[in-house]
Structures are given as C-alpha cells and as structure tokens.
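In what follows, a structure is listed as structure tokens, so that the remarks can point back to it.
The values are calculated or read from the model by the stated rules, or taken from the named source; none is laboratory data. Treat the numbers as computed from the prediction; the structure is a model and nothing was measured. Here Cβ is always computed from backbone atoms with ideal geometry, including for glycine, and neighbour counts include all displayed protein chains.
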Amino acid sequence: MNNMMSDKKVIALYILPPLLLIVALIYIPIIMTGYYSLTQWDGIGQMKFIGLDNYKELIKDGMFWKSVYHSFLLAVFSVISLLGYLAVSLVLSGKVKGANLLRKIYLIPMLLSSVAIGQLWLRIYHPSNGMLNYFLSFLGIENPPNWLADPSIVLYAIFIPIIWQYAGFYILIYYAALKSIPPSIIEAAIIDGANPLQLAYKIKVPLISGVIKVTIVLAVVGSLKYFDLIYVMTDGGPNGASEVMASYMYHKAFRSFNFGYGSTVAFSLLFICMIVTWLIRKLTNSSEEVQY
Amino acid sequence: MSKKAYSLFCVMVIAFALVLTGCSSSTNGNPSSSESGKKVTITFMHLWPAGSSKQQNMIVNEIIKEFEKQNPNVTVKQEVLENEQYKNKLKILASSNELPDVGMTWAAGFLEPYVKGNLFAPLDDILNSGLKDKFVSGTTEAYAVNNKTYALPLELNITPIYYNKKIFSKYHLEPPQTYEDFKNIVQTLVKNGVAPIALGNKDRWTGSLWYMYLADRIGGADTLKNAINRKGSFEDPSLIKAAEEVQKLVKMKAFIKGFNGLSNDEAKSEFMNEKAAMYLMGTWELPNFTTNEEVPKEFRDKVGFFKFPVVDGGKGDVNSWVGGPGVGLFVSENSKVKKEAKEFVKFFIEKWGEQSVTKAGVIPATKVDTANIHLPQLYIDVLSELNKASNITLFADVQMNPEAAQTHLNLIQSLFGEEVTPKDFVKQHEEVLAKTQ
C-alpha cells in the first residue's frame, strides 16, 4: 500500500477520471460562461465580443437588483427558519413519545419532487377554490387575497412552501448531530442540576455548533441560487414580483434568447454566492470548536 | 518535482483531448448520398408524442409510411419530444450545427435567429411548384424573412370568444354585436354573481389576446402591426385607448378572480366547469368543445362562439382576427439530403392538409374543402369564418423579437394587474421596441 501511494503515476491514474469529469463538467463550463458573459450572443448566430458592456448594463438593470433583493430576502427567511428546525430537533432528540414517527412526517416533503410540491401549493393557493381561501372564507373573511397574483404578497406566499420543503432536510441533519452527543455528557449535566432549557442552550447547541455553521452556509447559498418552485408556481410573475436571481438568468437566456446577458447574470450569481459563503465562514470562524 | 509536473502534464493533455473530441464529433460523414437508388435517411424531429398528441402522432406515422412506400430508397427517422423540451433541444442542436434534416419551427420571432444564422433552407422552390395555391392566403408570409420563405405552416388558428350558451340564455343574453353590448353582458353577469371571462394571465400571452383585439378594433388592423415593425409608433392614441379599455374591463371585474396568478389550463377548467361564461382562446381548443369524448357531452353542446365585437368609432373590422399559423416545417440548410427532405416536406404538407381536420381536429394552413367532409357544426362555422376573414394578425409576442416579446408579456401582466398606467404601458413598449430593433 505504502509502495503504491509513493508512486505518483499511480496516484495520477486514480485521480484522473474524477478530475477530468469535474474539469469537463464544472470548471470548463464556468470558464466558458465567464467568456459568454463578455459577448453579445443569441445562442445560435455569431458571438460578438463586447467586453464589459453586459456588466455595465447589469449594474443599471433595476430588474436584476430586484431579483437580488428577493434572493437575499429568501436567504434571510431561510436562516431564521433554521432556528425553528433546531428547536424541533431539540424536542425530537429528547425523549418524546412518537419522535420516530414525527421525524418521518417532517421528512416527507423532502421526498416529493419540487414540481409536485409546486402543484400541491398551487391548489392550496388557488384564488377561488383553493384550500386556503376556502378556509378563510369559512372563517368569515370576505375578500381573501389572491396569493399568487398580488405582487405585494406573492413572494412571501412562495417562501412558505420553500421553507416547508426543506424542513425535513435540516431537521434530519440537526437530529443526527444531536444524537451523536455522548449521553455521558448529558447525564453529567443533569446530575449537576441543569434544567432542559439550560441543557439545550449550554450543552447541546454549542456541541453541534459546527453542524449549525454548515447548515447556515447551505441555507444561504441554497436560497441565493433557488429556482424550482419559483419556476413552477409563478415563473417569476406577476411582472417580476417573484423573480429571483436564478429565474432571472433563465428568463434572460432561454426566453429572451440573450445568452450573453444570461451568462452575465449567472456569473454574477456565482460571484455573489462565493462572497457570501466567504463572509459567513469568516464571521462564524472566530469561535473555536467546542469540546467538553 | 519533475514527476509532479509530468502528471500534471498528463492531466492537461487528456483534458484537452476530451474537449477537442467533444467539439469535433459533427464534422465527419460523407458529403452527398442523394443519387437515386442509394439508401438515404431523413431525420425528422417533431413535437407530437403518441402520449399527449395521439391523433397527430398517428397521422405523422401514416404519412411517413406512405412516403417511404412511394420512395423505397428513403427512410424517415423520427425523433419526438414534448413542446418545451423540443424548443430547448432545437436550440442546442442549432448551436452545434446538428439540426435534423426536417423539423418544426414557429413563425416570425422564433424563426428569425435561425434564418440569420443560415441554418434553415429557403423553401420557395417547392412553394412555387404548385403548393402556393393550396395555402390560405397570407399564412406563409409569417415564415418569410427578406422575401424568402423558410418554413411551411401546418396549423392555422384564429381566436374566437367561446361562450356558454346556457349561462347566456339564463340571463337572456345574446352574443354581442358591439363592444357596448359586450360590456353590458359583462355587467349583467357580474351583477348575477357569475364570473364573466375565464382568463389565465400567468401565461401572459392570454391577456395579450385581449389587448390585441381591442387595439385592432379601435385602431384598425395596421396600427399595432406598424408599431411592432417600427413603421409606426406604439404611442399611438388608439393603442393607449386599448390599454385603458383593458383596465376598464378589469375594474368591472370582467375576469375571474386571481387571473394574474392562474395558468391558462386553470382558467380553461373554470370555463369547462361552467364557472365562467366566456373564454377567448385559439381554435386549437375546438376538439374539447366538439369531439373530445373525455369532456361531458352536455357541456360540449353548450359551447358557442362569437367574433370580438366592433368598438363604436373604431377603425377595426369584425372579420379581422388575432391568430396565426402554428408550427411549420423547415429543412436544414446543412442537410446532406436536402432534395429528399424538401420532397418530404411537400408531401407532408399535402397529405396533412387532407386529413388533419377530420382526424385530429387541427385546422391546417392549407385550404379545407368543407363540402366533402363530415365535421361538427362548430368546426364548419369556424372554417367558414376563416374564409371570410379580412385579416389575421399574428400573435404580438410572435411578431416581436424575443427580448421585446418578454417585455411586452410582462407589461401585459402589469396592465391587467393595474400596476402600470396605459401611458407608461405604451411608453415602455416604445422604448424596448426602439432599443431591440
């Protein structure tokens, strides 16, 4: 074994296939997108190199900044909802009756495809015979809102299924992390007289802080590049009221057939995600790993 | 160190080789095999899968079988995709110059980039060899760029307003003759708690139809056309007036609740469930109102249609329609079997025209002889209206280039949602049309 590892050729041979795949399927397209973003191109005809003109246009493009704002708003809501997931997992990981069943129930939305979830929530939000408005009119509200047609609420109406969709995923991660805390530490804390609240905030949460940091990065980056339900439920409408960065990129590239500008949006999305990831790592890195 | 450099070098070489082979797969192949007697294969890409478009698929297969029988040296290989996937695949194939020999395209704005990229072959030669007289006049023009025709249409659609006869008779209403009548109908229905018009404006082109008709009836057939092709201006008073009328309809609650968030399919189901009295849509819906056995017969018998009424003092003609040809067939410019492909297209258009209405309920772009075929009354009425048509205005989003079309569709949604004033609506149209000319 040692012999083998010292042979650089053999190492190269083993690393080569995945490296090639990653380079060909991820890095080369990224570089190509970077190049396309400097061109004017409809995807079919001649490419015209126009330097940074697309980026100049992007900075002045109000619709793009609106979509950036929507994406960040989603990121904020996702991170806030992490608190809720953490609370649920703390309860589930304690000795609750039926915790196993509940955990499975929370996981179900994750097993559904985004399109199915979109269709489901389209039914719920249907303005005249949807479940939600039926319920509201049952309560005596005369003019329940048009959830997906009203520009001032459409974005929040879509956030709810998005957050609901990922609940199971984060609860599963937190649950697994909490279960990996050695029981001896918890027993020791209980003997020392810690109440359940102290147990949670002083012992459990600090111990899984590493996992929490990872989920924050996941939630933020996942929100910034989010696309599925927006596309299925409103397609960014009405008139861009629910447009996010990824859907804006799609519309520019595949609807307006402006691949050059679409690539510019895509590259900016990558850039924004990288900066935000770096920032989060920087901000959460200060405290060292907690160990007892 | 040298070993490291060596392995890195290896990686680079192989990575490069991979990229290069990926790019060059389309360059080989023999240049010409079109001499008679030699086996040739025509690749044909279309968007009628057996699952979702059963009737169309059947006709396609029959036509291909017949063509292969008459031309024993030719085989036609089909590739079938659903609408959206089809559009995406066509685009990708175009960028790597691997278009099928024969395929389907849409008119005007969709077709233009392909023509500019020299990917479609002009079809004027087969059009002038006797095919031209078979088409309903004006239908092939939507596929022409610089006086050359690059595709030949298979479908022709116009957009009547369908209405539910039973709801109308319940409130003693008659199909309107003027726009005032129409507004009275809307008012009566609203008063009685019936949603007047089913509209799914999430899809946006659906609302565009309403705007286009109002623009046509107020400003005449050419105003909107000229505004789009830049012979005129979008800030024409009649186009502002049309936008105002749209918002008046919205204020009257003429459209179903939450229409801006509903898809066309959802709106259609409101009409089919008799929750809305009227529905403005293309004649591609006719099978649902006539022959489709999955729709209850009682409902099918209740559906009638009327023409968009004339507006008092407007320049429009009641026989002017919004509509246009649907998909058309193109031949790839780089096809190695261009001659056979063109023959196939000609054969296909002729055969298709003979049977599409009777077998699939699709109105072809070629003339239909209604005397000799048996059709439901609604079809015969539509076909005879088609013969009387004074003008067919192509859907606005198809007329415009893709960038302007997106802006137009978004503005339509804002207009119906009362988020933009009619003045700003036309101003923003003018800006984007001037910019993307």
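A few comments on the model shown:
- Among the residues of region B:112-127, just one is within 11 Å of another protein chain (Cβ to nearest Cβ) and either touching a Ser or Thr at 6+ places or on another chain (Cβ under 6 Å) or among the β-branched types (Val, Ile, Thr) (or both), namely B:VAL115.
- Within region A:70-88, being under 15 Å from A:TYR106 (Cα atoms) and among the aromatic types (Phe, Trp, Tyr) holds for one residue alone: A:TYR85.
- Yes/no for A:LYS66 being more than 19 Å from the chain's Cα centre (by Cα) and not hydrophobic (A, V, I, L, M, F, W, C): no
- Residue-level check: of (1) away from chain B (no Cβ under 14 Å); (2) modelled with pLDDT of 90 or more, A:TYR292 misses just (2).
- In region A:213-226, the residues that are part of a helix (DSSP H, G or I) and crowded, with 20+ Cβ neighbours inside 10 Å: A:THR215, A:ALA219, A:VAL220, A:SER223, A:LEU224
- Flag if B:GLN428 is polar (S, T, N, Q) and under 27 Å from B:ASN157 (Cα atoms): no
- Residues satisfying the stated conditions in region A:133-157, i.e. of a type in the set (A, V, I, L, M) and more than 12 Å from every other protein chain (Cβ to nearest Cβ): A:LEU136, A:LEU139, A:ILE141, A:LEU155
- The set of residues in region A:215-262 that are within 12 Å of the chain's Cα centre (by Cα) and of a type in the set (Asp, Glu) contains only A:ASP228.
- Members of region B:285-301 that are outside any loop (DSSP other than H, G, I, E, B) and surrounded by 16 or more Cβ atoms within 10 Å (Cβ to Cβ): B:GLU285, B:LEU286, B:PRO287, B:ASN288, B:PHE289, B:PHE299, B:ARG300
- The residue that is surrounded by the fewest Cβ atoms within 10 Å (Cβ to Cβ), counting only those in region A:181-212 that are touching a residue at least 12 places away in the same chain (Cβ under 8 Å) and assigned to a loop (DSSP other than H, G, I, E, B), is A:ILE181.
- Apart from one condition, A:ILE11 fits all of (1) surrounded by 13 or more Cβ atoms within 10 Å (Cβ to Cβ); (2) of a type outside the set (Asp, Glu); (3) in contact (Cβ under 8 Å) with a residue 12 or more places away in the chain; the exception is (3).
- Between A:TYR134, A:TYR156, the distinction of being within 22 Å of A:SER78 (Cβ to Cβ) and either hydroxyl-bearing (Ser, Thr, Tyr) or surrounded by 15 or more Cβ atoms within 10 Å (Cβ to Cβ) (or both) belongs to A:TYR156 only.
- Of the helices (runs of 4 or more DSSP H) entirely within region B:178-236, those holding at least 2 residues that are among the aromatic types (Phe, Trp, Tyr) occupy B:179-191, B:205-219.
- Residue match in region A:42-56 (condition: at pLDDT 90 or above, assigned to a helix (DSSP H, G or I) and within 14 Å of chain B (Cβ to nearest Cβ)): yes
- Among the residues of region A:209-223, those that are modelled with pLDDT of 90 or more and under 14 Å from A:LEU178 (Cβ atoms) comprise A:VAL211, A:ILE212, A:THR215.
- Considering only residues in region B:408-425 that are facing chain A (nearest Cβ under 9 Å) and polar (S, T, N, Q), the one that is farthest from B:PHE255 (Cα to Cα) turns out to be B:ASN410.
- Out of A:ILE22, A:ILE15, sole residue that is closer than 28 Å to A:LYS252 by Cα, under 31 Å from the mean Cα position of the chain (by Cα) and assigned to a helix (DSSP H, G or I): A:ILE22
- One residue alone among B:ILE228, B:ILE218, B:ILE197 is aliphatic (A, V, I, L, M) and under 28 Å from B:ALA360 (Cα atoms), and that residue is B:ILE197.
- Members of region B:379-437 that are under 27 Å from B:TYR143 (Cβ atoms), hydroxyl-bearing (Ser, Thr, Tyr) and surrounded by fewer than 18 Cβ atoms within 10 Å (Cβ to Cβ): B:SER384, B:SER390, B:THR436
- For region A:14-46, a residue qualifies if it is surrounded by fewer than 16 Cβ atoms within 10 Å (Cβ to Cβ) and touching a strand residue (DSSP E or B) at 6+ places or on another chain (Cβ under 8 Å), but none of them does.
- Residue ID - farthest from B:ASN201 (Cα to Cα), chosen from residues in region B:251-266 that are crowded, with 16+ Cβ neighbours inside 10 Å and more than 11 Å from chain A (Cβ to nearest Cβ): B:ALA254
- Residues of region A:227-252 that are part of a helix (DSSP H, G or I) and at the interface with another protein chain (Cβ under 10 Å from one of its Cβ atoms): A:MET233, A:HIS251, A:LYS252.
- Number of the condition not met by B:PHE271 [criteria: (1) touching a residue at least 40 places away in the same chain (Cβ under 8 Å); (2) within 14 Å of another protein chain (Cβ to nearest Cβ); (3) out of contact with any Phe, Trp or Tyr (no Cβ under 6 Å at 6 or more places or on another chain)]: (3)
- Which numbered condition A:LEU111 misses (of (1) surrounded by 12 or more Cβ atoms within 10 Å (Cβ to Cβ); (2) within 25 Å of A:LEU148 (Cα to Cα)): (1)
- Number of the condition not met by A:LEU279 [criteria: (1) within 11 Å of chain B (Cβ to nearest Cβ); (2) surrounded by fewer than 23 Cβ atoms within 10 Å (Cβ to Cβ)]: (1)
- Considering residues of region A:106-132 that are within 12 Å of chain B (Cβ to nearest Cβ) and aromatic (Phe, Trp, Tyr) only, the residue farthest from the chain's Cα centre (by Cα): A:TYR125
- For region A:1-26, the set of residues classified as at the interface with chain B (Cβ under 7 Å from one of its Cβ atoms) and at pLDDT 85 or above consists of A:ALA12, A:LEU16, A:LEU19, A:LEU20, A:VAL23, A:ALA24, listed by residue number.
- Some residue of region B:359-367 being out of contact with any strand residue (DSSP E or B) (no Cβ under 8 Å at 6 or more places or on another chain), under 30 Å from B:VAL60 (Cα atoms), assigned to a helix (DSSP H, G or I) and outside the structural domain of B:GLY220 (by TED's automatic domain parsing): yes
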